[in-house]
Amino acid sequence: MSGALAVGGAIAALFASSLSSSIVAPNPSFEDAPTDKMVIDVVTVNGSGCPLGTAAVAVSPDNTAFTVTYSDYLAQVGVGARPTDFRKNCQLNLAVRVPQGFTYAIASVNYRGYAYLEEGATATQKAHYYFQGQAETNEGVHRFNGPFDDNWQANDVTELGALVWAPCGEIRNFNINTELRVSGGTSNTAETTSFIAMDSTDGAVNTVYQLAWKKCETGAGGGA
């Protein structure tokens, strides 16, 4: 199996209207979302946390968010775990085409899952997301300490003034790098198992990336 697994398919929310690029919105927000279609092609998916066919992307009908669904993303230590299972990661490379005259930024990200940690064990969830050709965003890190046996949720929020906008008039692939890690710590890994998953009782959990929108300046183009 190759290091980068190509998966096809455009998943889109379809609406029809024509949009102008003649002005710049002074206060980009979720309410500024265009009504025309946004299309996301999953170019590659690579990583131990997202084997082929276990990650999918969908766009919300109002274009204010897209969702990544995982069905086999779990890190664990202890009984039944392989030595490499303590860390799992997933890198998604997405080709994002937005309506003409608009650009977008990732304003917030919500991660959810389930964890079981013995007393003394710890877990970490990390994330980077960035546009092709640009530096990675600041690392979002969330830690969980055992004993823990519950659903978990982590949120990364970017202030409006710090938003990183996709270049107008260009298609730049969007990269999402996530990681789950578990440490047995002082727990007895010879007799117990600790784990963290982006998972749920039905085998899938959604990670939601909330979008902010603004119109491109005149002549800047934008979109597909």
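The values are calculated or read from the model by the stated rules, or taken from the named source; none is laboratory data. Everything numeric here is computed off the predicted structure, so don't read it as measured data. Cβ: placed from backbone, ideal geometry, glycine included. Neighbour counts: every protein chain shown. To get the accessible areas, we keep the full protein, side chains included, count just its heavy atoms, and leave off ligands, DNA and RNA. Shrake-Rupley method; radii C 1.70, N 1.55, O 1.52, S 1.80 Å.
Quick notes on this structure:
- Evaluation of residue 100 against (1) out of contact with any strand residue (DSSP E or B) (no Cβ under 8 Å at 6 or more places or on another chain); (2) under 13 Å from residue 165 (Cα atoms) (one fails), failing number: (2)
- Looking only at residues of region 176-185 that are open to solvent by 10 Å² or more (accessible area, probe 1.4 Å) and in a strand (DSSP E or B), we find that the one that is farthest from residue 85 (Cα to Cα) is 177.
- Against the list (1) assigned to a loop (DSSP other than H, G, I, E, B); (2) at negative phi; (3) open to solvent by 40 Å² or more (accessible area, probe 1.4 Å), the condition residue 50 fails is (3).
Table: residues versus (1) of a type in the set (A, V, I, L, M); (2) in a helix (DSSP H, G or I); (3) open to solvent by less than 40 Å² (accessible area, probe 1.4 Å).
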site: 88; (1), (2), (3): no, no, yes
site: 93; (1), (2), (3): no, no, yes
site: 96; (1), (2), (3): yes, no, yes
site: 100; (1), (2), (3): no, no, no
site: 106; (1), (2), (3): yes, no, yes
site: 114; (1), (2), (3): no, no, no
site: 124; (1), (2), (3): no, no, yes
site: 150; (1), (2), (3): no, no, no
site: 171; (1), (2), (3): yes, no, no
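- Residues in region 126-135 that are under 19 Å from residue 88 (Cβ atoms) and open to solvent by 10 Å² or more (accessible area, probe 1.4 Å): 3 in all.
- Meets criteria (surrounded by fewer than 16 Cβ atoms within 10 Å (Cβ to Cβ), in a strand (DSSP E or B) and basic (Lys, Arg)) for residue 143: yes
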